[in-house]
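Below: one structure, written as structure tokens.
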Amino acid sequence: MGLVDRVGDLGSDFMRLSLRLNPIRGKTGGTRALCRGRKSYITSYTFTDGTQATIAMKASLVPDKTGKRRRKWLSFILILLDWSADKVYQQYRRRFGVECSYRLLRRVRATTTSRNPTMRFFLQSVGLILTNAWVFLKWEFARLLAPGPRRIDENRLRLHRFCRLLIRAIENDYSAICAVPAHKPPHSVIY
């Protein structure tokens, strides 16, 4: 197993071997012009500033809004890597999973202005635990009963619904305050 096979963190800047997702820009020219054909391939490309790079173009079929599978191109910049476009895509899929988990974590993490690293780490840990609990509950209770590999019904337990369930449970346990008693009637003045 060579060094190329052991590239672990594909987003780190300290490694000389590198793999970067390249945005596809423009309407017809630029990297958009490389989106041709039906198969994935590797090519060399010269950017507008004269920089030359090896680019892996991955053709993937993804369903659109109507459910029909359409071709979507992904472009990766390879630096000192001799990988096929399919291997690049498989390696970068791990990075997509990491970014997706951080995006979910941002939705459940409590925010604070505290500079105390212990408090910030604690809130991050609570967010990770809540995210993992949601994934476990969805995997166990939102799965479809059908033969074959295990599949889940995404609409059965969404993350925002899970958060609302937790909030309601906490409000029920701690008797949420719904009204503030006043000692005199409110005095409203319109200026």
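Would it be correct to say that Arg161 is out of contact with any His (no Cβ under 8 Å at 6 or more places or on another chain) and in a loop (DSSP other than H, G, I, E, B)? Considered against the rule, which asks whether it is out of contact with any His (no Cβ under 8 Å at 6 or more places or on another chain) and in a loop (DSSP other than H, G, I, E, B), Arg161 comes out as no.
Matching residues to (1) acidic (Asp, Glu); (2) more than 30 Å from Ser44 (Cα to Cα); (3) at pLDDT 90 or above; (4) surrounded by fewer than 11 Cβ atoms within 10 Å (Cβ to Cβ):
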site	(1), (2), (3), (4)
Arg115	no, yes, no, yes
Thr131	no, yes, yes, no
Phe162	no, yes, yes, no
Ala169	no, yes, yes, yes
Lys184	no, yes, no, yes
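Against the definition (under 18 Å from the mean Cα position of the chain (by Cα) and farther than 19 Å from Glu154 by Cα), how does Gln52 come out, yes or no? Taking the combined requirement at face value, the residue does not satisfy it.
The values are calculated or read from the model by the stated rules, or taken from the named source; none is laboratory data. Keep in mind that this is a model prediction, so the values were computed, not measured. Reconstructed Cβ throughout: ideal geometry from the backbone, glycine too, with neighbour counts over all protein chains shown.
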